[in-house]
Structures are given as C-alpha cells and as structure tokens.
Amino acid sequence: MIIGIGAGDPDHLTIQAAKAIAATDVFFIIDKGEEKHDLVRLRHHLIEEHGRPPYRIVEARDPERDRTAPAYAAAVEDWRARRADLYHRMIDDELADGQTGAFLVWGDPGVYDSTLSILDRLPFTYEVIPGISSISALTARHRTTLTRVGRPVHITTGRRLAEQGPTADDILVMLDARCAFEGLNDYHIYWGAYLGTPDEILVEGPVAEVADRIRDLRAQARARKGWIMDTYLLRRLR
C-alpha cells in the first residue's frame, strides 16, 4: 500500500489511512539523512500510534540525487531508477507471501511525489490511500480557495515558473528554491512552509510588499533546519 499521511500534522491522517496502517505487516521507510530526520520521526510516530503489533519497520537510505547536473530530467530519471532497484530489493527481501507492506508518503501520493511512478516500474500490485496534500493545507491555513468560479488554476514548480514566467491568473507552485515569485508584482501570494508542523511559516500579501520578507524567512528557515518544503498560490490582482 501507498498511504498518504498528510502535510505534517499528525491529525491530518484520515480514518482510511489509520485503518491501512493498522492492517500493515511491514513498513518501508526511506531515510533522507539527518537533516530530514523530522520526516522519518513523524512516520515512526504514526506507526506507533496506529500500527498493530506485531509489525516490522524496514529502513533504507535514499540514493543520492545529483542536484547539480545540467540535464535535470536525466538526473531525476537516474535517481528514480536507483530508487526502484532499492524498493524492489526491500520488498523481495522483507515481505513474505500473504503479508501487507506499506510506504508512508508525505502529503498525498498523487500530488508531486515520485513513489507511484517508481512502483509502476516494479512487478507488484498496490493500493493507494489518498492523503491531505500541502495544497489543501495551504488553502485551509490561509482561509482561501484553490480555484475561483470559472477560472482554471495552473499547478507548476518553482523551476518551471522561473523558466517560463506566469502562465495563468491563478498559479499553484510547489517547491521554489529560486523565489521565482519575485518581480511578479501584479500577483497576490499565499505562501507557506513546513505546513502542518510546529515550524510552519505563513505569509500573505501582494508580491510587491511581501517578496523580500518571504525570501528572508525562507533563507533563515533553511539555514536553521537544513531543508525546506514550501508551497504557494499566486493570484493575479484585479
């Protein structure tokens, strides 16, 4: 099973996800290093809270991804292939016939996550349990909606926004190390980082007024924790 566990708040876990955790025999956890140990710690907490012994936890270190490679797509494909090999070995070695294994996926497995595309390469069947995404958490915390009546929303990445510029009146951006919103002064921004966690940061306002503040907060938070996950909604000013 692929179980969505929400954007960071333990209370984001749905009843369906809690039942799926209770039905799991072996949990597969991918460790992304000491800097991101918070992500592993939450998974352990949810397993302890909702798992039913006897269960086992199998951990493995995430393959390193070359983030400096000029060919971004090729670097991602290489990383996914090595992750697929790792998942295959873990499942073959640790999951007995008749047992249920599960990966606990941050947010929602169907939104900006590679787990499904990686498992599609393997000869296993699986079920997907949806979760609360960072998108849902962001709009809830800012008390706004993702869409407006009769308006589409474009979901993209910070990398693509920096390369292409704005492509719609409403743009949802996932992870933006470049602060590509800077200079988009005809937009209002709803920004959030570490959504649902004790480290959550929220900023809202016209880009022209809050861009510098977001850049500073983002840099400070990343320096303090060693990593950052942020999401934001841009809405063109009328």
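Can you give the relative contact order of the chain as a percent, counting alpha carbon pairs under 8 Å and 6+ residues apart? Don't jump to the answer; show the numbers that get you there.
Numbers: 400 pairs, mean separation 53.7, N = 238.
Once normalised by length, the contact order is 23 percent.
Among Ile21, Ile228, Ile135, whose mean-square fluctuation peaks in a Gaussian network model of the chain (Cα, cutoff 10 Å)?
So, out of Ile21, Ile228, Ile135, the one fluctuating most is Ile228.
Quick one: dipole size for the chain, taken about the Cα centre, charges +1 on Lys/Arg Cβ and -1 on Asp/Glu Cβ, in debye to the nearest 20.
Working: 31 positive and 37 negative charges, 128 e Å.
The calculated dipole for the chain is roughly 620 debye.
With a Förster radius of 30 Å, plug the Cβ-Cβ distance of Arg143 and His88 into 1/(1 + (r/R0)^6) and report the FRET value to the nearest 0.05. Intermediate values should be presented prior to the final figure.
Values: r = 44 Å, r/R0 = 1.46.
According to the calculation, E is roughly 0.10.
For n ≥ 4 DSSP H runs only, could you compute -39500 (n - 2.57) per run for the chain, divide by its residues and tell me the 222 nm figure to the nearest 500?
Computed ellipticity for the chain at 222 nm equals -11000 deg cm²/dmol.
Which number do you get for Rg(Cα) / (2.2 N^0.38 Å) in the chain?
1.07
Over what distance in Å are the Cα centres of segment 1-31 and segment 200-218 separated?
Cα centres, segment 1-31 to segment 200-218: 32 Å.
To make sure I understand, if each residue's beta carbon is the centre and we count other beta carbons within 10 Å, what order do Thr147, Thr125, Thr156 fall in, fewest to most?
Numbers: Thr147 11, Thr125 6, Thr156 19.
In order of increasing Cβ crowding within 10 Å: Thr125, Thr147, Thr156.
Sticking with the crude label model, points 7 Å out along Cα→Cβ, report the distance from Thr14 to Tyr72 in nm, one decimal please.
Once both label points are built, they end up 3.0 nm from each other.
Using the count of nearby Cβ atoms within 10 Å as a rough guide to exposure, how do Phe103, Phe28 rank from fewest to most?
Fewest-to-most Cβ neighbours within 10 Å comes out as Phe28, Phe103.
Neighbouring Cβ atoms within 10 Å as the yardstick, rank His45, His12, His142 fewest first. Write down the numbers at each step before the final one.
Working: His45 12, His12 20, His142 17.
Lowest count first: His45, His142, His12.
Ordered by packing density, taken as the mean number of other Cβ atoms within 10 Å over each peptide's residues, highest first, how do 107-120, 186-199 rank? The partial results should precede the final answer.
Numbers: 107-120: 17.9, 186-199: 20.2.
The most tightly packed comes first, giving 186-199, 107-120.
Throughout, read-outs are computed from the coordinates displayed, never taken from laboratory work. Note that this is a predicted model, so its numbers are computed, not measured. Glycine also receives a Cβ, built like all others from the backbone with ideal geometry; neighbour counts cover every protein chain displayed.
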